[in-house]
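Some notes on the structure that comes next.
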Amino acid sequence: MPSRSWLLTLPIAALLCVGPALAASKTAEWKSGTMEAKGVVQSVDTTARTIAVEVAKKSETFRLDDASTITREGSKAPLMLSDLKPGEHLRLRYTKTNGEMTAREVVVMPTRTASHARSKRGK
């Protein structure tokens, strides 16, 4: 009959072997997954094909490639990178590879004017 210490050692050894493999697969899944961010355009560089966006009070740079799409919310008509202007609100879906964020989908969100906000409060 096996000793008790052997019975405890086997499951622990199995966890030590499988644990890092599971962690690596979860990390790879996160890295390959699409993430979402919302922010305000700070600047657009049409030559480098990048957008600097303020996200959660931090400037983030998103690269666009040939597969990236830019639209206005509620419209399927494509926009050009040069159509984006500082101050516009965006929703971005992006991937992150080796620290570089590549925008897959950029949606220009409607901006609320101060008079619209006041009229809502007054009702």
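Here F62 clears all of (1) assigned to a strand (DSSP E or B); (2) modelled with pLDDT under 95 except the condition numbered (2).
Modelled with pLDDT of 95 or more and in contact with a Phe, Trp or Tyr (Cβ under 9 Å, 6 or more places away or on another chain): does that describe A103? Step through it out loud before you land on a result.
Values: modelled with pLDDT of 95 or more: yes; in contact with a Phe, Trp or Tyr (Cβ under 9 Å, 6 or more places away or on another chain): yes.
Yes: the conditions hold for A103.
Here L10 meets the list (1) touching a strand residue (DSSP E or B) at 6+ places or on another chain (Cβ under 6 Å); (2) at pLDDT below 95 almost entirely, failing just condition (1).
The values are calculated or read from the model by the stated rules, or taken from the named source; none is laboratory data. Because the structure is predicted, anything quoted here is derived from the model rather than measured. Note that we place each Cβ from the backbone using ideal geometry, even for glycine, and neighbour counts take in every protein chain shown.
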